[in-house]
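What follows draws every value from the coordinates through simple rules; no lab data is involved. The shown structure was predicted, so the numbers you read here are calculated from the model rather than taken from an experiment. Quick reminder, even Gly has a Cβ in these numbers, built from the backbone with ideal geometry, and neighbours come from all protein chains shown.
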Amino acid sequence: MEILSDIAKVIAAHCAEDKTMVEMSLTSPPRPEMGDVAFPCFRLARVMRKPPREIADSLKTCLESDVSREAADLLEKLDRVETAGGYLNFFIKRDYLARSIMRESMAGGERPGASSEGEGKTVIVEYSSPNIAKPFHVGHGFSTFLGEAIANLFEYGGYKVERFNHLGDYGTQFGKLIVAWKRWGDEAALEASPIGELTRIYVKFHEMAEKDPSLDDEAREAFGRLEHGSEEEVTLWQQFRDVSLKEFNRVYDRVGIRFDNTNGESYYSPMIPDVVRQLREMNLLEESEGAQVVSLDEFKLNPCLILKRDGSTIYASRDIASILYRDRTYHFDKNIYVVGIPQKNHFNQVFAVLKKMGFPKADGNIHVAFGTVRFTDGAFSTRTGNVIILEDLLNTSVAKTRAIIEANNPAMGRAEIDEIAENVGVGAVRYTFLRNGRERDIVFSWEEVLDFEGESAPYLLYTVTRCASLERKASSELAERSRRISDEELGMLVSDDEQNVLKEIARFPESVAAAREAYEPSVMMRQIMAIARSFNTFYHNAQILRADNESLGAARLCLAQAVGRTIAAGLRIAGIKPVDKM
């Protein structure tokens, strides 16, 4: 809100503080009766060597006696100023607050809180990154939906975003797969169900290797031949990659995700010799039990393995090569990896090696970690074949949603039900991955995922449809009046419920910025949920289309429109498509 800048400017003039620092310190009191904006004086107490309460009282006196134009303009917008402990609390005039928030919302249109802070800056976001020849399971869903939301947050902030899908298409596991295919592969089964057949033989390899360990040596030799370009191994590898991508793209198309770059690990393998050369020239490579490593003692990390004893590459060497390539090609400001918590040590090592190499953007590489997905039957593993496929999860959610919609809308057409069920069902799954802090594990409960009254996507989507329904049901006169609403009419939104909704709307831009800064979409998700909760309380307690007079009705209709726009904007950032009917 503009008034926050006004408050910060006047406070800064009386305490010799930087205006920006003051504005960053402003907060919302925990209860409405304590005011609308609070300035904590505790930090000033250390500088001014006075109790926070005394500083707050002094600032109040100075502000009320200030004859400057800035202070006079501010006081015109305030109902009163009070102190409580070490806080200076500001009570904004309700009609002014309503006008300013609504005008700001209307000016923001369909993109409230969008900014140009990232203009001229490029951010790479790497996410999803499934392994070729393995199922696209719910763990990949976490990375996919979280990464897309983070990419959208940066795009919303004016950054140029490059979406990367770093496919797991290289490594020893491909030696295992090649050996398994030669022994047990079935061409007809591969044609009918590519991932199913490749998973079958991969699982069988591990079962047989427990009985015959020589299979592991055979797999290492096969991968060595692949690295050296053997025609037979390369042909099989390319076939596995092609059929896997076809399967993956079907999922991406369904959830509306596109990537700008799908270079897998194999793409960077030819660049590794140059990385090794640089490390050698910098005297950073050391031999350890026949392998080549970089010591990271100064970072209190284990040595980073660059080359194995047989000279083959590893994840770290390929990631270092990819980062150097990305900087040369995209000149990134941030290079963000949306990868699970277990890879924390790996990325710490890679980033530390880059620092030792003197790479100037080493600190621009960021690992955004996330937790695991659990169901009542525990964890899952590709090796055992016990995986929960993301597509199956989406299908289940859509089917359950369709049953709810059919029960509540018996007259709705089949095509419309299918479209709504798809949007709501897929949205419900995405929301579940984003609703809480990303490092928390997710335990799926269908009762919570599809609870139309709980902390869920269906609840948010239903709120958007409720706002849209009000617009459809409004008389042409009321709709026209809301389109040319006056400041005087907006100033009628002064009830407790209306003010609560307005304040939650006003916090949305701040929540978007905070979510972007922390790589934490849940911050924004909690805010749109707060908007929905406050609006539905207002909706149940007040008349909107049948208000006491048309001016108040038009203002309330405008408020509902602002709610719909804001929640819809948050849902789109999360990758969830709003719907008009449910």
(Q) Please compute, for the alpha-carbon atoms of segment 412-555, the extent along each of the three principal axes and give them in descending order in Å. (A) 50, 42, 23
Q: Give the dimensionless ratio obtained when the Cα radius of gyration of segment 171-256 is divided by 2.2 N^0.38 Å.
A: 1.14
Q: Note down the relative contact order for the chain as a percent, whole number, built from C-alpha pairs under 8 angstrom at least six residues apart.
A: 15 percent
Q: Choose one of 202, 249, 185: the residue whose Cα lies farthest towards the positive end of the charge dipole of segment 171-256 (beta-carbon charges +1 Lys, Arg; -1 Asp, Glu; about the Cα centre).
A: 249
Q) Where the centre of each part is set by its Cα atoms, how far does segment 287-314 sit from segment 145-224, in angstrom? A) 25 Å
Q) Can you work out D for segment 2-92 in µm² s⁻¹ from Stokes-Einstein, where Rh is the Kirkwood radius over C-alpha pairs, the temperature is 37 °C and the viscosity is 0.692 mPa s? A) 255 µm²/s
Q) Can you work out the base-10 log of I(q)/I(0) for segment 465-548 at q = 0.13, 0.21, 0.23, 0.26 1/Å, using the Debye formula on its C-alpha atoms alone? A) -0.53, -1.08, -1.17, -1.28
Q) In segment 225-262, which trypsin sites (Lys or Arg not before Pro) fall in coil by DSSP and have 16 or fewer other Cβ atoms within 10 Å? A) 258
Q: Quick one: which residues, 5 or more positions from residue 121 or on another chain, have an amide H under 5 Å from its amide H? H modelled 1.01 Å from N in the peptide plane, none for Pro or chain starts.
A: 160
Q. Taking R0 as 41 Å, what's the FRET efficiency between residue 486 and residue 514 from their Cβ-Cβ distance, rounded to 0.05?
A. 0.75
Q) Roughly how compact is segment 99-189, stated as its Cα Rg over 2.2 N^0.38 Å to two decimals? A) 1.73
Q. Considering amide H positions built from the backbone, and no H for Pro or chain starts, which residues 5 or more places from residue 336, or on another chain, come under 5 Å of its amide H?
A. 124, 125, 126, 366
Q: Put one equal scatterer on each alpha carbon of segment 277-390, apply the Debye formula with no solvent term, and list log10 I(q)/I(0) at q = 0.12, 0.17, 0.18 1/Å to two decimals.
A: -0.53, -0.91, -0.97
Q: Using a Förster distance of 22 angstrom, determine the FRET efficiency expected from the C-beta separation of residue 451 and residue 408, and round it to 0.05.
A: 0.95
Q.
What's the magnitude of the charge dipole for the chain around its Cα centre, counting Lys and Arg as +1 and Asp and Glu as -1 at the beta-carbon? Answer in Debye, nearest 20.
A. 500 debye
Q: Just tell me the longest site-free run in the chain, where the sites are GluC sites (Glu not before Pro) in a DSSP loop having at most 14 other beta-carbon atoms within 10 Å.
A: 120-288
(Q) Using Cβ contacts closer than 10 Å as the measure, can you line up 102, 357 from fewest to most? (A) 357, 102
(Q) Among 537, 322, 357, whose Cα projects farthest towards the positive end of the dipole of the chain, with charges put on the beta-carbon of Lys, Arg (+1) and Asp, Glu (-1)? (A) 537
Q: Count the DSSP beta bridges whose two residues both fall in the chain, then state the antiparallel fraction as a percent rounded to the nearest 5.
A: 55 percent
Q.
Amide H of residue 442 versus every other amide H placed in the peptide plane: which residues, excluding those fewer than 5 positions away on the same chain, fall under 5 Å?
A. 372, 373, 374
Q.
Could you tell me the center-to-center distance, by alpha carbons, between segment 384-413 and segment 10-73 in angstrom?
A. 53 Å
Q: Take the chain, drop everything but the C-alpha atoms, weight them equally and run the Debye formula without solvent; then report log10 I(q)/I(0) at 0.06, 0.07, 0.09, 0.11 Å⁻¹ to two decimals.
A: -0.41, -0.55, -0.84, -1.10
Q: Round to the nearest 0.05 the FRET efficiency obtained for residue 550 and residue 235 when R0 = 60 Å and r is the Cβ-Cβ distance.
A: 0.20
